[in-house]
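All remarks here apply to the structure that follows.
Values in this text are rule-based calculations from the coordinates and carry no lab data. Keep in mind the model is a prediction, meaning the values are calculated, not measured. Cβ: placed from backbone, ideal geometry, glycine included. Neighbour counts: every protein chain shown.
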Amino acid sequence: MYERGMRLDKWLWFSRLSGSRSEAQSLCESRRLRLDGRVIDRSCATVRRGSILSFPRGDHVIAVRVEAMAERRGPSSEARALYTPLLPAPAPQLETHPGWGAMQPA
């Protein structure tokens, strides 16, 4: 169904990088999120496999590569399969938190 991509706000919510769909929409419209290096200002932007997303969360930056699309918002183990973290976790206890993780081998 989503071979060509999906709405960015929906993907952020499904991947659990956002707590709610409205929070994802606000992030997209805040101009703090970048999709493949472009500043995003609309939640209707399309995200595809291979896209790189980056945005600030607190004092840190989250950067992920999109690996898959989802049909629904599933458990966190399912959500973690939707992306690969590109930056290490800022603290060891956050390595399993969505958006951060150990560096993946290239």
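Please give the net charge around residue 19, taking every other residue with its beta carbon less than 15 angstrom from that of residue 19, where Lys and Arg add +1 and Asp and Glu add -1.
Details: positive: 10, 16, 21, 57, 73; negative: 9, 23.
Every neighbour counted, the sum reads +3.
Would you mind counting up the charge near residue 40? Only other residues with Cβ under 14 Å from its Cβ, with Lys and Arg at +1 and Asp and Glu at -1.
Numbers: positive: 7, 10, 31, 32, 34, 38, 42, 48; negative: 9, 29, 36, 41.
That works out to +4.
Taken about its Cα centre, region 6-94 carries a charge dipole of about 160 debye when Lys and Arg each add +1 at the Cβ and Asp and Glu each add -1 at the Cβ. Along region 61-75 the Karplus relation, 6.51 cos²θ - 1.76 cosθ + 1.60 evaluated at θ = phi - 60°, assigns HN-Hα couplings of 10, 9, 9, 9, 9, 6, 9, 7, 9, 10, 8, 7, 8, x, x Hz to successive residues, with x for each Gly and Pro.
Check each of the GluC sites (Glu not before Pro) in region 1-53 and keep only those in coil by DSSP with at most 11 other C-beta atoms within 10 angstrom; list them in order. Before the final figure, lay out the partial values.
Values: sites: 3, 23, 29; in loops: 3.
Passing sites in region 1-53 are 3.
Using every pair of distinct Cα positions in region 6-94, the Kirkwood expression returns a hydrodynamic radius of 13.0 angstrom.
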